Structures are given as structure tokens and as C-alpha cells.
1. So, N510, is that one open to solvent by 20 Å² or more (accessible area, probe 1.4 Å) and outside any helix (DSSP H, G or I) or not?
2. Which one of these does L363 not meet: (1) in contact (Cβ under 8 Å) with a residue 12 or more places away in the chain; (2) over 17 Å from A402 (Cα atoms); (3) more than 42 Å from the chain's Cα centre (by Cα)?
3. For Y286, indicate whether it is touching a Phe, Trp or Tyr at 6+ places or on another chain (Cβ under 6 Å), more than 26 Å from R409 (Cβ to Cβ) and open to solvent by less than 30 Å² (accessible area, probe 1.4 Å).
4. Taking the options R489, R409, name whichever one is of a type outside the set (S, T, Y), in contact (Cβ under 8 Å) with a residue 60 or more places away in the chain and open to solvent by 50 Å² or more (accessible area, probe 1.4 Å).
5. Could you please let me know if L438 is in a helix (DSSP H, G or I), in contact (Cβ under 8 Å) with a residue 40 or more places away in the chain and either surrounded by 15 or more Cβ atoms within 10 Å (Cβ to Cβ) or out of contact with any strand residue (DSSP E or B) (no Cβ under 6 Å at 6 or more places or on another chain) (or both)?
6. Anything in segment 268-310 that is in contact with a strand residue (DSSP E or B) (Cβ under 9 Å, 6 or more places away or on another chain) and without any contact (Cβ under 8 Å) to a residue 24 or more places away in the chain? List them, or say none.
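The values are calculated or read from the model by the stated rules, or taken from the named source; none is laboratory data. Because the structure is predicted, anything quoted here is derived from the model rather than measured. Every residue, glycine as well, gets a Cβ built from its backbone with ideal geometry; the counts of neighbours run over all protein chains shown. What goes into the accessible areas is simple: the full protein's heavy atoms, side chains included, and nothing from ligands, DNA or RNA. Shrake-Rupley method; radii C 1.70, N 1.55, O 1.52, S 1.80 Å.
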Amino acid sequence: MIPPLADDARSGNASPIEAGLVSMPDERPMRSLAERLTRRIAWLCVMATALVGLFRFAQIYYSERASFDNAVAQVSQTHLPLLSSSLWDIEPTAVQHLLQEIVKAPQIQTARLQASTGQYFEAADPPLLEKRPPPGGGLMPQGDVNFQIPGPVGKHRILGQLSLDFNHGYLKRQLISSGLRVLLVGGLLTLVFSGLTLRILRRELRQPLHDLARFAAALAPGKRPPPLVLNRPEQSHRDELDVVVDGFKTLRDDIELYVKERERRAEQLELAVARRTATLHEVTRYLESISRRSSRCLNLAVDEYPDMIRATLRDISSFTGHCSLAIAEQAAEGEPLICRFVWIAPHDRIAGMAVDQALLPDLIGPLQRGWSVVRYKRLADAEPARAQAMQRHGIQALVSCALQGNNGRTQVLMGASSRPEQWTFRDDRMAKMAAEMLFNIMRHWQDQLALRRLHQELEQRSNTDSLTGLANRRWFDELKLEETRRALRSGSPLALVAVDVDYFKGYNDNYGHAQGDQCLVAVSRMIQQTFNRAGEMPARVGGEEFTVLLPEHDLQQALSQAERLRQCVIDLAIPHQGSPLQRVSVSCGVACILPDHIQSGASPDQIIADALEAADLALYRAKKSGRNQVSS
């Protein structure tokens, strides 16, 4: 049967060739099927002839070798005793005559005999012009078969050696003669078979195929071809050609039906295209709105996402018959669905849909893994439990699109109306598209919030000493320049306190590093409690070394706080056998930057570096004076 029309062909936008209705013409050269079959049969005959020839060659070769072996056996039984007698009686003429008798066998070409006395005899077929004795009177060359000629009975003596050569020329002539006969017979058979085959194929196949080809070329939609009649003798049976003829007739009938069906469908398509165009125009506006909202989310700040989601719900509502929309989330299975975003249409009187408020469990119903979409155009379409929940919320029509992940987390986009409606969500794909966009926006918003929290946490960790919780050296180096520039701009003093735990190396050696870490934690906690006002920043800048920035503190105020820190550490009473006080103590060096006393042109880097050096020198003096002291 003719296949249905393709969509492009129905719409008229594609050519018949592009739509697959008309095949491209075949540009390959035309060759007769009968001639091809005849050539193949001829090649098969030639190959068969070659195989027969090879078999015949092998047969002749092995036959001639067997004849040669028989001739050799006859020489051994008949001529060898006669040669022995002739040599013993010293009869050269008889010996030469016997050799001539031996070479009369066609398989033997040459017979050579060398007597023990040195005499040399030779006979050949065809005869040799002259005998060729062994060079230099040496040994006779070996032949294909060699015999030792013994003496008469009772005489244990070797009288000579007989050598026989196989007649290769005779074998070659036999092979050539046989090959010519096989070639002649095979060639005649090949010509006969090929001619008969070509004649039969032309009569039985070639002319019918030409008729079929002309008929197929005349087939075309809208044009009825002439009847198909094959020009061949009448037959009492059906064959493959008759089946092909029936197929062509069926094809002709199908083409006529195809043309009529195409005309009928063209009329239907015109009506369907008009209806679909209106729908597509509406869907296009809906998709453009979703696309605009999605693209705007790419450059939103984290705090702008809630307003963006509410505006998107409002836009979707305008394309769905001005229904109310809500996005609800369920953190885990068994927990209620909580509304995260809600848009109530002006005309709707829906209750129980508010932000951070739970929806009734039966309103959405049981969900499966993955996506699920349910829709009810009226209250009567819902199940009893769901209908009761819809009625309690004041909902008459409902569409919900839910996504449940493998971790049990569920997100639901719900569209509801307080009156029965025909939803603009014409299929589940549009509802799923809107839900997927909103869920992606919310997921991106949550990812941005998590990323901001992680960034803040990472920044805090990168600026904090992991053991003591105080600012680390990196943060201190950044803030010291900021505080120096602020002090220079405002003209207020900036004090620095350098703190060092006394005899801390001995403490580590005596109590161990773990106990040493606990000691540093206790001292740093006391430093943090002492310098806890806004702007004061204590930092751990070395192993047991600490530095405190005190903005807007003069030298006396810094000395007072440093003294209070020293006393608080003593009051901790941390045992330390390596200290003269038998407890942990600290030494402090204090320096102060007074903007009014700074030489003009000095950079903030140089000013803070000089102040830190002054604090270190003061700390050195406190250490040198006996430790557990504050110096400036």
C-alpha cells in the first residue's frame, strides 16, 4: 500500500523529491541481464575447463612416472643380467646393443654405463651425435635411477654402474597434447553452453523484462498507464514474472487510491492548519514569556529571586485563564507540603493558600518518583477525598505538576481556580515546562544562597587561625594597612600590642605539643576576652606570638589593657615547671602611631612597619627585663 503523506509534503513546504515521494533518477549505465548471466556462465565453463585440465595433467604425470618405474623394474629384471654377462665376457657390441634396447622405452631418455675397467657406454633417444665420456676419465654422473652391475653367479665383484634418466621431453609432449585436447573440448562446450543460455535468456527473460521496464517508467500519480502485457509464449504455469506483473498491477491501483486520498487530506489539512496556527500563536507567546523570565535569572542578585518568582507566577497566570498559582515543597516523605510562593488571582476566592502554610494532604494525593501531572476541570472529576480537600480550599478546578526526587524531596506547581474552567494548559507538556522552569529558578536561587553562605564561611575560615579562633597572619596583614590609612585620615591614634608566651618552648618540651596547644587556646581566649570591644582585633601571628590592633587608643590606654591581659594570664594559674613563676605568663610590648608626629611623605606601609618594629623592640625589652612584664 502507499504510505501516508509526510508532514512537510502535506503542508506543501517540501518538494516531492525532498519529501521522499519521488526518487532520484539512477544514473548508472544500463547493462543487459541476459548478457551478464551469459558471461558468468562462460566464466564458469572456463574455470571448469581449467580444473579438468589440471586434473588431466596430474593424471598424465603420475601415469608416466608409474610407466617409468615399470620400465626401470623391467630393466632390473631383464637387461641387468644380460649386461653382467656381456661385461664379464668383454663384449662391447652386446653392451651397446642392450643399452639401445633399454632406451626404446619412451619414458627413458638416456642410459649410461661405466665398466669397472674404465669403458664408458651411452645410448639416448633421440641418439646423441657423440658420446660424452666422463670428464677427465672420472666417475660417470648420476642419473635419475642408478644400478650396480654385479658379476656372474659366484663372482663377488661389481662389473660397472648403470644410470637411467627420465624422459622429461616425452612427459612435456604428453602434457601439451592432453592440454590442447582439453582446451579444445572445453572451448567448444563453453561456446555451446553460452550460446544456448543466451538464446534461452533472450527469449524467456530479456523481452519480458524490457516490457516491465517500459511499464514501470510510465507509472506516475494522476496518470493511468497502459495495460501490462508481456511478450512471451503462453505457459501452463505461473512463475516469478507473473508474480511481478501482479505486483505492478496492485501498485497501479494503489497509486490511484493514493492520489484520491491526497486530495481529500489536503482539504482537511487546510482546516487543521488554521486551527493549529491560532493555537501555536498562543503557545508561542507563552513560551516567549517563559524564555524571557529564564534569561533574566542569569544575572539576578540573590535577594532579587523572590520578586522574580512572584512576577513569573503572575505572568503564567495571565496565560492560564487568570488562575491562582502556588509553589509548594515537601522536604521529605511524610512531611506536609508547605507553600513557598503564592499568587492569588483577583477574582479567585481560594482559602488556605498562603506562604509558609501547609496544603491539605489529599489536595495533591500520592505521588510517584519523577514527574506527575494531574488535572481536574471541575470538582466532580476528582476522587472523593481530593474533591473534599478542593472544596475546603474553595477550589473548583485544579492542575498540579509535581516532581519527586529519589531523596524524597517533592516540589509542586499547582494551578487552581474557584470556578470550573477550560485550562490554557492544553497538555501536560506545557504544565511540565512551566513547573520545570520555576523549579530550576528556585533551585538556582537556593544554590546561590548556599554558595553565598559557603563563601562567607570560607572567607571566615581563611582569615581565622584554626587553633585559637583569632585572626590569622593573612587577615592581620590586610587589616593593619586599612587601620593605618583610617588613622591617618581621621588623625586618631593607633596602638599595637605584641604578646608572647614566656618560656613556651620549654613548656612544649616538658608537657608535649598537645598540652602546648591547649595552653595557647587558653591564652588566646583570655586575649579575646580582654580585647573585645568594637574595632579591637587580636591576631595570632606566630607560634606563641600574638599582636593586637587597638584603633583610637593612645599609649597609656594600650599599656593599661596590656597590663590587664598580663594579670589575667597569671590568674589562669596554668602550671609551668620551666618558668620561675611555676605558671604560664606573657610578656607584652606596646607601641602607638600618632598621626600628628609622623613625618610627611611616609607611606602607610612604612608607618605600620615601624610601629610593629617598635612593639617588637618593646617586647624584647620586657623579655630581657625578666619576662611577665609590659614594656613600651
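1. Judged against the criteria, N510 is not a match.
2. Failing condition for L363: (2).
3. Criteria met by Y286.
4. From the options R489, R409, the qualifying one is R409.
5. Judged against the criteria, L438 is a match.
6. Passing the criteria: none in range.
Rundown of residues vs (1) at pLDDT below 80; (2) within 60 Å of the chain's Cα centre (by Cα); (3) open to solvent by 90 Å² or more (accessible area, probe 1.4 Å), yes/no style:
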residue: E27; (1), (2), (3): yes, yes, yes
residue: F57; (1), (2), (3): no, no, no
residue: S63; (1), (2), (3): no, no, no
residue: E91; (1), (2), (3): no, no, no
residue: E101; (1), (2), (3): no, no, no
residue: A124; (1), (2), (3): no, no, no
residue: L129; (1), (2), (3): yes, no, yes
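Per-residue answers, yes or no, for (1) under 30 Å from G415 (Cα atoms); (2) touching a strand residue (DSSP E or B) at 6+ places or on another chain (Cβ under 8 Å); (3) assigned to a helix (DSSP H, G or I); (4) among the aromatic types (F, W, Y):
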{"position": "Q448", "(1), (2), (3), (4)": "yes, no, yes, no"}
{"position": "R452", "(1), (2), (3), (4)": "no, no, yes, no"}
{"position": "E457", "(1), (2), (3), (4)": "no, no, yes, no"}
{"position": "W475", "(1), (2), (3), (4)": "no, yes, yes, yes"}
{"position": "E478", "(1), (2), (3), (4)": "no, no, yes, no"}
